[in-house]
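Structure record follows, encoded as structure tokens.
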Amino acid sequence: MTSHAARQILHDVFGYAAFRGEQQAIVEHIVAGGDALVLMPTGGGKSLCYQIPALLRSGAGIVVSPLIALMQDQVDALRQLGVKAAFLNSSISADAAREVQSRLLRGELDLLYVAPERLLMPGFLALLEQVQSNSGLALFAIDEAHCVSQWGHDFRPEYRALTILHERFPAVPRIALTATADTPTRGEIVERLALEQARQFVSSFDRTNIRYRVTQKSNARQQLQAFLEAEHANDAGIVYCLSRKKVEETAAWLKEHGWDALPYHAGLDAVTRTTNQSRFLREEGVVMVATVAFGMGIDKPNVRFVAHLDLPKSMEGYYQETGRAGRDGLPANAWLAYGLGDVVSMRQMIDGGDAPEERKRLERQKLDALLGYCESTACRHQTVLRYFGEEHPGNCGACDNCLEPVDTWDATQAAQMALSCVYRTGQRFGAGHLTDVLVGKATERVEKFNHHTLSTFGIGKELSAAQWSSVYRQLVAGGLLEADSEAYGGLKLAETARPVLRGEQEVWLRRDADPVKRKAIRAERLSKSREPFAGANENPLWLALKAKRMEFAREQGVPPYVIFHDSTLLEILNRRPGSLAELGEISGVGQAKLAKYGEVFLKVVGAEKTTSEGGF
């Protein structure tokens, strides 16, 4: 009976024909009163795993979320579906909060989203006890559960107090959800939230629709501009930078070059941050340039690219940040430009920080894993999944290494030269200076330190300066060289360099792709990369559908995707429904939306039918 009722709600309320992956098993487990830990990638449909049980079980579902900015959009989206939803956080007035609490007490809500700080207040917990006695509590959903981990990138100390939910409401099922948790973090979630008896549902971490690409940094802004012009001329996306200053400079530079770019970081005043985030969510084609302060919980499904101009801090951070692209399941790009300077600066940040040595050691390990990913010649999807303890057959056909296979070369002799040069110059100079010495370039700085008299001066003329830069980058990434935190940009030998210098260990490095060849391969791939959207931006029906969606969104003050996702509009474009029944069979069109928007969108399709032919 539960299965049939769940599928009915899935179809009638949310507009989907079938569950994906383990969604149905999770829903049935929660409806039956069981606790669950759900690990599912961004865009995998985590929300349905608690929204449907909340509608099937008696009482209100309480959703704990650290994301104040996201609550409004989630509630708006649910209300579009006819679900009675509300939220409680610091963004609403005291009167509005009292009204929400009154509705909760009267049993008028299906779902209530609440910030952890609010939930843990004694008065609110007492209110929940009243609700439990009256109309009942359907479940507790703990979203972004990785926030409980003190070693994670989104640690929230309030999350550790959420065990009180089980202590005070032992009969109410709990579901903890996250899209980002390696094995240690998973164990910490179980321990800190007392979920030892909970059933674990672990979906594949693979985001098959995301095309991963890592490029060696030369002129990062121009490389970014070339990437955007070639592949994302009218798309929404996020560009991540490490510093606030770089965020503002990059946003201003993009704006000067014709992009609708906005900055976002914690140093901006609250009004500016809120305004910029609202524009990104509610308008088309906005590029947000941001630090990691922006993004967790950003629910915009049609983010077509995430670009990194600086190296993230860990594989978890990289996976979560890139996961904000393509939540609608349509093709998206994850583009990263990185160079030796990134490696040096990240290592110096870790070494120079105030964290205890145990934390620094863990951060170095996480950075090393990310560097291994950047320099890997294997399938990117395979490398990401292995980090999270999952196997992948390889050759995904959706990353640079699979689409543009990389050569490797025996760099043992070159590595010995590079390491010897570091040693003979005193282990305090950067890669640029070392390269000048190796290629025999007698610069003013080289002569100042008498490095033109060293035995290593000019011994590396067979390689170009760019090739030596690649060698040094990979030796640092491989742990043979370390950034000296006391000499900015300086490199010193690691203990692991000894066997290489003694000739006891071979060194194989990746050969950076030839730019001309890479450009030709990329042009060929680009012709296939946006097939679902091919020609859509010039199609009158596609433009008319998007315009009508935006009209409704502006009238109601909600983001366009709350009305319909791009994937839904694309299916309307392809199938050209001629009746409400046909429109109702399209994914994402539930009964409430069919009643509210059906006739209008059918008119849009009908008006264009005589002038548009064929689908996409």
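The values are calculated or read from the model by the stated rules, or taken from the named source; none is laboratory data. As the structure is a computational prediction, the values presented were derived from the model and not from experiment. Note that we place each Cβ from the backbone using ideal geometry, even for glycine, and neighbour counts take in every protein chain shown.
Residue-level check: of (1) in a loop (DSSP other than H, G, I, E, B); (2) modelled with pLDDT of 95 or more, TYR113 misses just (1). In region 450-560, counting only helices (runs of 4 or more DSSP H) that sit wholly within it, the ones holding 3 or more residues that are at pLDDT 75 or above and of a type in the set (S, T, N, Q) span 465-477.
In region 128-147, the residues that are outside the structural domain of THR42 (by TED's automatic domain parsing) never reach a residue that is of a type in the set (A, V, I, L, M) and modelled with pLDDT of 95 or more with C-beta atoms less than 9 angstrom apart, at least six apart or across chains. Residues in region 204-247 that are without any contact (Cβ under 8 Å) to a residue 24 or more places away in the chain and either of a type in the set (D, E, K, R) or touching a Cys at 6+ places or on another chain (Cβ under 9 Å) (or both): GLU229, LYS245. Of all residues in region 308-322, those satisfying the criterion of being at pLDDT 90 or above and either among the β-branched types (Val, Ile, Thr) or in a loop (DSSP other than H, G, I, E, B) (or both) are LEU309, ASP310, LEU311, PRO312, THR322. Only residues that are assigned to a helix (DSSP H, G or I) and either of a type in the set (Asp, Glu) or not assigned by TED's automatic domain parsing to the domain that holds ALA141 (or both) were counted across region 6-30, and they come to 2. Within region 31-42, residues that are in the same structural domain as GLY59 (by TED's automatic domain parsing) and touching a residue at least 24 places away in the same chain (Cβ under 8 Å) sit with their Cβ atoms under 6 Å from residues that are of a type in the set (Ser, Thr, Tyr) and surrounded by fewer than 21 Cβ atoms within 10 Å (Cβ to Cβ), at 6+ positions apart or across chains, in these pairs: VAL31/THR2; MET40/SER203. Restricting GLN51, GLN74 to residues that are at pLDDT 95 or above and closer than 30 Å to ARG273 by Cα narrows the list to GLN51.
Per-residue answers, yes or no, for (1) over 22 Å from the mean Cα position of the chain (by Cα); (2) surrounded by fewer than 19 Cβ atoms within 10 Å (Cβ to Cβ):
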{"residue": "LYS46", "(1), (2)": "no, no"}
{"residue": "SER58", "(1), (2)": "yes, yes"}
{"residue": "SER65", "(1), (2)": "no, no"}
{"residue": "ILE68", "(1), (2)": "no, yes"}
{"residue": "GLN72", "(1), (2)": "no, no"}
{"residue": "VAL83", "(1), (2)": "yes, no"}
{"residue": "PHE87", "(1), (2)": "yes, no"}
{"residue": "ASP95", "(1), (2)": "yes, yes"}
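If we scan region 30-37, do we find a residue that is under 26 Å from the mean Cα position of the chain (by Cα) and under 27 Å from PRO331 (Cα atoms)? No: zero hits. Residues satisfying the criterion are present in region 262-273 (criterion: of a type in the set (Val, Ile, Thr), outside any loop (DSSP other than H, G, I, E, B), surrounded by fewer than 23 Cβ atoms within 10 Å (Cβ to Cβ) and not assigned by TED's automatic domain parsing to the domain that holds PRO41).
Looking at region 141-150, can you tell me whether even one residue there is under 21 Å from PHE87 (Cβ atoms) and part of a loop (DSSP other than H, G, I, E, B)? Scanning region 141-150, I find at least one residue that is under 21 Å from PHE87 (Cβ atoms) and part of a loop (DSSP other than H, G, I, E, B), so the answer is yes. With respect to ARG79, is the statement that it is more than 30 Å from the chain's Cα centre (by Cα), within 30 Å of VAL271 (Cβ to Cβ) and assigned to a helix (DSSP H, G or I) true? So ARG79 does not fit the description; no.
Select from region 144-181 the residues that are basic (Lys, Arg) and modelled with pLDDT of 90 or more and write down the one among them that is nearest to the chain's Cα centre (by Cα). Here the residue is ARG174.
The requirement of being in contact (Cβ under 8 Å) with a residue 24 or more places away in the chain, surrounded by fewer than 21 Cβ atoms within 10 Å (Cβ to Cβ), farther than 30 Å from ASN234 by Cα and among the polar types (S, T, N, Q) is satisfied by GLN348.
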